[in-house]
Amino acid sequence: MKKETMNKETLYQLLIDQKNELSQRIEKIEADLKNRYVNSRSSQKAVDHSNDDVLGGLKNEAQTKLDLTDEALQRLTRGEFGHCIKCNTEINNERLNALPHAQLCRVCAQKEEGSAKPFSKASSMSHV
């Protein structure tokens, strides 16, 4: 089976589109947080505070993805896009299509994910 590759212009446009979408998402969240009406009832204040925490988390997640997208655009410009930053292996197109800002190949991503988790999913399921 022939490996399909995206050209540089297509990759660039995909990353720019992702950057624009993330920037708009962050702007909407910031506007939501800024314009929130806090109800005077104490029970509602707790809910509002919890909602603010959720919005803050969504904003942080979008900002992280935006930063990764900016880094991917820089790697594309330098001709380094599509190669793992740890092992320099080519990142497969399925992964890049799903995560255009991917910095790691599947193997390195799994290793990094595994080292970040103290126990496996299987072991955590045995305690349920």
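General remarks:
- Failed item in (1) touching an Asp or Glu at 6+ places or on another chain (Cβ under 7 Å); (2) at pLDDT below 90; (3) surrounded by 12 or more Cβ atoms within 10 Å (Cβ to Cβ), with VAL38 passing the rest: (3)
- Residues located in segment 64-79, provided they are basic (Lys, Arg) and more than 12 Å from the chain's Cα centre (by Cα): ARG75, ARG78
- Close contacts from segment 24-52, counting a first residue that is outside the structural domain of GLN63 (by TED's automatic domain parsing) and a second that is surrounded by fewer than 11 Cβ atoms within 10 Å (Cβ to Cβ) and modelled with pLDDT of 85 or more, with Cβ to Cβ under 9 Å and a gap of 6+ residues or different chains, come to none at all.
- Of all residues in segment 68-91, those satisfying the criterion of being loosely packed, with under 15 Cβ neighbours inside 10 Å and part of a loop (DSSP other than H, G, I, E, B) are GLY79, GLU80, ILE85, LYS86, CYS87, ASN88, THR89.
- The numbered conditions (1) at pLDDT 90 or above; (2) of a type in the set (D, E, K, R); (3) farther than 22 Å from THR10 by Cβ are all true for ARG106 except (3).
- Failed condition for VAL128, given (1) within 16 Å of the chain's Cα centre (by Cα); (2) modelled with pLDDT under 90; (3) of a type in the set (Val, Ile, Thr): (1)
The values are calculated or read from the model by the stated rules, or taken from the named source; none is laboratory data. Owing to the predicted nature of the structure, the values given are computational and were not obtained by experimental measurement. A quick note on method: Cβ atoms are made from the backbone with ideal geometry, for glycine too, and the neighbour counts reach across all protein chains shown.
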